[in-house]
1. Of the numbered conditions (1) closer than 27 Å to ILE76 by Cα; (2) hydrophobic (A, V, I, L, M, F, W, C); (3) surrounded by fewer than 17 Cβ atoms within 10 Å (Cβ to Cβ), ALA182 satisfies every one except a single condition; which is it?
2. When residues of the range 90-140 are filtered for being within 22 Å of ALA158 (Cα to Cα), part of a strand (DSSP E or B) and open to solvent by 10 Å² or more (accessible area, probe 1.4 Å), how many remain?
3. Taking ALA158 as the residue in question, decide whether it is open to solvent by less than 20 Å² (accessible area, probe 1.4 Å) and either more than 25 Å from GLY195 (Cα to Cα) or touching a residue at least 60 places away in the same chain (Cβ under 8 Å) (or both).
4. Check every one of the helices (runs of 4 or more DSSP H) wholly within the range 1-83 and list those with 3 or more residues that are open to solvent by less than 10 Å² (accessible area, probe 1.4 Å) and not aromatic (Phe, Trp, Tyr).
5. Residue check: is PHE163 crowded, with 19+ Cβ neighbours inside 10 Å, out of contact with any Gly (no Cβ under 9 Å at 6 or more places or on another chain), within 20 Å of VAL11 (Cα to Cα) and not basic (Lys, Arg)?
Amino acid sequence: MKIAIIGTGNVGGTLATKWAKAGHKINLGVQDTANFKGKELLNNPNTQVFPITEAVKESEVILIATPAPAAVEVAISLGDTTGKIIIDSMNIVMGRGPAGFKTTAEAILAHTQTRDLVKCFNTTGFNNMANPKYGETALDMFVAGDSEKGKSVAIQLAKDTGFGECYSIGGNDKFELMEQFAWFWINLAMFQGQGREIGFKLLKR
């Protein structure tokens, strides 16, 4: 796939690296191509840097991994997203998010042309994206959104990242639940003292 990465910090940078090594073409979308966080990502295979609108134009899939308060500004900066799949990996944490919206995904939908938006890669830490394996077990990932096309792509990319499975938890009406689940992980890891090296696996019998 041709994937635009908007946000080259911990989450965006980690996924850019994993997906590039899995054979996807990575188009980093930044405000200043000469000076941006994560320049070392250009050492990865299949990776180039572009202004944001150009990265979007060159890509089929867009990952947004910026701070949540910037969701509206970032969505507007994408340019024409008609026919593109957008994966939202952001979370509103402790009330810090786009004004007037309950979730970052709703803010993106309100300011882009695409309807193929899903929320994924937001429910665990970037350390678990870098290495989802705990012994012989791979953690699971989760995705929500009305777009079956978007969910199919997110599920494939989760597996390409090394997650065991990626389960759909429902449609757009579950965006808020996804952010609450992220807060559950953050609470355990940071506020309850469990540390970042924890993750979730869906067990069946």
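The values are calculated or read from the model by the stated rules, or taken from the named source; none is laboratory data. This structure is a prediction, so every number in the text was calculated from the model and none was measured. Ideal geometry is used to build each Cβ from the backbone, glycine not excepted, and the neighbour counts take in all protein chains shown. Ligands, DNA and RNA are stripped out before the accessible areas are found, and what is left, the full protein with its side chains, is counted by its heavy atoms. Shrake-Rupley method; radii C 1.70, N 1.55, O 1.52, S 1.80 Å.
1. (3)
2. Within the range 90-140, residues that are within 22 Å of ALA158 (Cα to Cα), part of a strand (DSSP E or B) and open to solvent by 10 Å² or more (accessible area, probe 1.4 Å) number 4.
3. Details: open to solvent by less than 20 Å² (accessible area, probe 1.4 Å): yes; either more than 25 Å from GLY195 (Cα to Cα) or touching a residue at least 60 places away in the same chain (Cβ under 8 Å) (or both): no.
For ALA158, the condition - open to solvent by less than 20 Å² (accessible area, probe 1.4 Å) and either more than 25 Å from GLY195 (Cα to Cα) or touching a residue at least 60 places away in the same chain (Cβ under 8 Å) (or both) - is not met.
4. 10-21
5. So PHE163 fits the description; yes.
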